[in-house]
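Read through the structure below, which is laid out as structure tokens, and then see the notes.
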């Protein structure tokens, strides 16, 4: 082999080596299109995740309000069963029966905020409607209190029925 042949060979080797190095360098990083696609996917997924968290927060808030309303209704039923609607208990603080005993077909409406504070009907988040229905007192001697929890739209959310023995009426 002549010197010239050897030089040509080594030159072509160098050129091939430089080409492969350039090809490797080009493939090491991401292209602009790949970066834009990755950012777009991250943006879409983050929007979906934020919407899921917002929906979960809304459901949690609604569940807390319903739980509070059910607690109020049960407390109302237990107070009625214990006789808190009788005149001797009307002076108790936070007694919903301050107007005296419920009469048949009389409706007691209680309005609460989400954290169980009694409020005026216009600013209520929860409305509890209680109606006394008398059973056949001659046979059973019981009374039934129907308690309905209504949403702000007026839809029935929860229904509770409590019963007790009718208080004895004493002649004056």
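So the values come out like this:
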read-out: Ranked by how many other beta carbons lie within 10 Å on average, peptides 149-155, 50-56 from highest; value: 149-155, 50-56
read-out: Label-to-label distance, nm, for residues given as residue 103 and residue 12 (7 Å Cα→Cβ offset); value: 11.6
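Bear in mind these aren't lab numbers, they're just calculated from the coordinates by the rules spelled out. This one's a predicted model, so the numbers in the text were calculated from it and none came from an experiment. All Cβ positions, glycine included, derive from the backbone under ideal geometry; neighbour counts span all protein chains shown.
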